[in-house]
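Following: one structure in structure tokens, then a few remarks.
A short reminder: the numbers here are calculations on the coordinates, not readings from a lab. The structure presented is a predicted model; accordingly, all values stated were derived computationally and were not measured. All Cβ positions, glycine included, derive from the backbone under ideal geometry; neighbour counts span all protein chains shown.
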Amino acid sequence: MLSCERAVVDLWELGTAAKVQGNEGDPVEVAAPPAHILRINGSASGSLTACTLSPDATSIAISTNAKISLFRVSYANGKARLAKVKLPSGLPSSARHLAFSGSGKHLLVCAANGVIQLLDTDGLQVTGTFDQILADSRVAKGASALDAVSSPVVGLVTDLEGKWGAVVCTRTVHLLALAGESGPRYHGRVPAPKHISPISAAAFTPKGDRMVVATAGNHIAMFQVETCLAMPYWHKEPSNEAECQLEKMPGSISGLSFHPTHQRLIAHTSGAFCLIDFDKPMDDSSDHPKAGARRKRTREKPADGSDTRKGDNFRVIHLMEPCLYMGYLSGSDAVLVENPWSEVVKTFPSPV
């Protein structure tokens with residue numbers, strides 16, 4: 001796992017848990033704690049603006065407000081070594097977002113103005129430039145100087161096989177075909193979800209044939225990648241039981257992670273996560289409001305930490321500490337990164 005804080009980038013080997021026993025919610029013994037592998041200090045080149053790790057953990061890309069850097073990571077005798085790679089000309093001086101493709105053969109680079117460039121990490125050449133995203137930017141419409149420094153892009157995501165990339169903007173998602181006979185190309189854009197809140201996260205399904213988009217209002221929509229069309233059930237107005245469960249989550253959805261082989265999704269906010277299986281129907285329980293019924297969004301945390309029963313689809317689990325990230329590692333493992341409230345309190349200013 002790669003972590004970034006201010007001017008420092010750290011690479012970690014994740015720990016492992018002992019055999020899970022007992023009841024749900026019981027503490028799990030740690031078999032091996034996380035181990036620090038290496039550190040990159042970017043302070044000499046300015047403040048960090050983006051960083052990313054390749055899927056096989058052999059490449060690291062970082063950007064400061066002055067330059068973009070690419071490193072190869074080699075492992076031998078229990079140690080890791082860094083080798084800096086000379087990048088070709090033509091890349092922007094700084095990137096707002098970076099993302100490796102699922103195969104690790106391409107690096108998506110997003111400049112502050114929303115222009116996307118595709119770098120071949122083997123041949124070290126720029127193989128594609130995409131400026132269609134500028135149509136969604138206030139920069140392209142002659143905005144003020146303050147707006148001109150605001151990127152229209154909120155994130156980059158890629159599929160597991162390295163075929164697709166997605167540029168997530170506040171009101172739409174642009175799809176890029178990264179591999180094919182005709183080379184990298186702009187594929188199209190998915191329609192905006194039928195909700196007024198901005199898009200906050202997106203993820204490809206394991207096969208890369210569909211994409212799920214989440215909004216800050218905790219609504220979700222699913223789209224077909226090839227056609228850029230919405231899947232009918234998942235593009236309705238929020239009047240079904242599934243949306244009702246999602247709305248109970250405190251905070252806004254900030255991350256989505258799919259199981260590597262099944263259409264099972266983890267959607268997390270800073271205070272809870274929801275387990276979703278798109279191959280199963282939503283449980284039709286009398287405890288859930290009926291479609292079309294008026295609902296009041298609740299922020300209260302149930303005593304048992306869950307809004308639903310064990311095994312229910314769209315089950316919401318509340319967390320004790322603020323969540324920074326949660327996602328699948330494998331078919332049976334997931335990682336949760338929390339920031340204890342005791343650490344959050346330390347950042348508060350002194351009383352006046």
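How big, in percent, is the set of alpha carbon pairs in segment 61-133 lying more than 17 Å apart? Intermediate values should be presented prior to the final figure.
Values: 1141 of 2628 pairs.
Taking all Cα-Cα pairs of segment 61-133, the fraction more than 17 Å apart is 43 percent.
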I need two numbers for segment 1-104: Rg to one decimal and Dmax as a whole number, Cα atoms only, in Å. 16.8, 57
Mean Cβ-within-10 Å packing, highest first, puts peptides 119-128, 203-212 in the order 203-212, 119-128
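For a 31 Å ceiling on Cα separation, which of these pairs sit above it: Lys67/Lys163; Lys105/Lys346; Lys207/Lys248? Walk me through the numbers on the way to the answer.
Details: Lys67/Lys163 27 Å; Lys105/Lys346 41 Å; Lys207/Lys248 29 Å.
Violating the 31 Å Cα-Cα cut-off are Lys105/Lys346.
Based on the mean of other Cβ atoms within 10 Å per residue, sort peptides 79-88, 159-168 so the most packed one is first. Please list the in-between numbers first.
On the way: 79-88: 11.5, 159-168: 22.0.
Ranked by mean Cβ neighbours within 10 Å, highest first: 159-168, 79-88.
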